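*Asks:* Take this structure, written in C-alpha cells, and hold onto it; I'll ask about it next.
The values are calculated or read from the model by the stated rules, or taken from the named source; none is laboratory data. Everything numeric in this text was worked out from a predicted model, so none of it was measured. Heads up, the Cβs are rebuilt from the backbone with ideal geometry, glycines too, and the neighbour counts pull from every protein chain shown.
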Amino acid sequence: MADIQSLLSVRDVKALDRNGSDTFACVLLVRRITSKTAKNGNAFLTVELGDKTGSFSQNVFGDSPSFDLFSSLPEGAVVRVEAKLDYYQDRLSPRLLRAEQITPEQLAGSSVLANLVETAPEDADALWTEFQQHIASIQHAELRATVQAVFDDIGEQFRVAPAAVAMHHAYRHGLLEHTTHMARAARALLPLYPEVNADLAIAGVLVHDTGKVIEYQGDLVTTKSRRGLLQGHVVLGYQLVRKAGMKAKLPSDLLERLEHIVLSHQGELEWGAAVIAATPEAVFVAKVDDLDAKMGMVQRLLRNAGENPADEFSEKHFGLNSPLLLTKPRTAVGEQPSAIN
C-alpha cells in the first residue's frame, strides 16, 4: 500500500491538465453508491467519491475488477483509488484503474480522516456562542423560553449536524453555520421592514430547520433517517417547536405564527413547504433562508475551487441551476480577472 498521507485531494485532481493523460491516486470517502441498469440490461454502479475539498462520480461496470468491491462496500467506507484523468460532458469522471478499501487500522494515527470530512470554515465554538446570543436577544419572555427549550433538547446534535445531504451547508456544523448566518442577515434586514415582528422573525430563523437533527443521520456520510423519510424536517421541526411552545406556555397566537414559519420556510410546496408563507414574518424568514442557502452554495464552490482554479467556471450546480464564475470582477480597465481567494 502506498503512503496514504501523500496522495492527491479532489481539488488537486481537478487542477490537473484535463487535456493530459495523468493518472493519480487518492484516498476518498464513499459518499453514495447507486445501482443502475444499462440499456443492454447489464448492471453497473454510480459511485460518488469525495473528501473535504470536493467530490466526483464515476460509473463502475460489471466487468470492472472493482465492481465486486463497491458492490459490497457501505456508504461511508474509505477507499484508495488509482484512476486516469477523464472528463464526460465537462464533468470530472475519471477512469478507474484500481481500488481497495482502507481499514480503520490503516487510518489510525493519520490525518487522512480529518481530510475526508468537510467542516464549516468558521470556528464551531464561536458560532455556538454567537447563536446563544441570538437566543438571548429575543425580548418576549415566553418566545425566548420556547426557543431555549428547543435547543436545551437538541443543542448537542444541532451543533454538529449538516444542513443538507448535498445541496447547501452539507458538512459538519453546517446547520449551525447556516442558521447563524441567517440570524446575522435577519438582524441587518429587519430595520428595513418594520412590518415584521423582530422577536418572532428571529425566533423563526433560529428554529426553522431544527427538524434536520432528526431527519439526518450518519457520521462520515449523511443519509436520511427513517423519520426523515416518513415525515421530513418541516414536520419534525413543527413537532419540536409545538412541544417547546406548550411547555413555555407561549400564547396560542404566537405559537401558531411560529409554527407557521417552520411549516412554510421552504418557500414553495414543490420545495417541501407544508404551506405557503402567509404572515410577514414567515415571508421574511423564507426569503432569508433562500438567500443564505444560495450564497452557501456560492461560498462552497469558491472554497473548493481554491485560490487558483483550473477552470474559469465551476461545474453546473443543481441548486443554482448554473455554473458559477470563479474569478473576481475586473476593477480597472485592462486588468485581468483574478482568482477568488
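*Asks:* So Asp219 ticks every box in (1) more than 18 Å from the chain's Cα centre (by Cα); (2) in contact (Cβ under 8 Å) with a residue 60 or more places away in the chain; (3) closer than 29 Å to Val47 by Cβ but one. Which box is left unticked?
*Replies:* If we test Asp219 against (1) more than 18 Å from the chain's Cα centre (by Cα); (2) in contact (Cβ under 8 Å) with a residue 60 or more places away in the chain; (3) closer than 29 Å to Val47 by Cβ, just (1) comes out false.
*Asks:* Condition test on Pro94, is it within 25 Å of the chain's Cα centre (by Cα) and either of a type in the set (Phe, Trp, Tyr) or surrounded by 14 or more Cβ atoms within 10 Å (Cβ to Cβ) (or both)?
*Replies:* Answer is yes for this residue.
*Asks:* Is at least one residue of the stretch 265-285 among the acidic types (Asp, Glu) and not assigned by TED's automatic domain parsing to the domain that holds Arg172?
*Replies:* no
*Asks:* Residues to consider are Ser66, Ser9, Ser35, Ser72; find the one that is surrounded by 13 or more Cβ atoms within 10 Å (Cβ to Cβ), of a type outside the set (D, E, K, R) and more than 20 Å from Ser110 (Cα to Cα).
*Replies:* It is Ser66.
*Asks:* When you scan the stretch 187-195, do you find a residue that is crowded, with 18+ Cβ neighbours inside 10 Å and assigned by TED's automatic domain parsing to the domain that holds Gln132, even just one?
*Replies:* Scanning the stretch 187-195 turns up no residue that is crowded, with 18+ Cβ neighbours inside 10 Å and assigned by TED's automatic domain parsing to the domain that holds Gln132.
*Asks:* Looking at the stretch 101-115, can you tell me whether even one residue there is crowded, with 16+ Cβ neighbours inside 10 Å, closer than 26 Å to Lys294 by Cβ and not aliphatic (A, V, I, L, M)?
*Replies:* Checked the stretch 101-115: no residue is crowded, with 16+ Cβ neighbours inside 10 Å, closer than 26 Å to Lys294 by Cβ and not aliphatic (A, V, I, L, M).
*Asks:* A further question follows. Take the residues of the stretch 304-314 that are buried (at least 17 other Cβ atoms within 10 Å of the Cβ) and at negative phi: which is modelled with the highest pLDDT?
*Replies:* So, considering only residues that are buried (at least 17 other Cβ atoms within 10 Å of the Cβ) and at negative phi, the one modelled with the highest pLDDT is Ser314.
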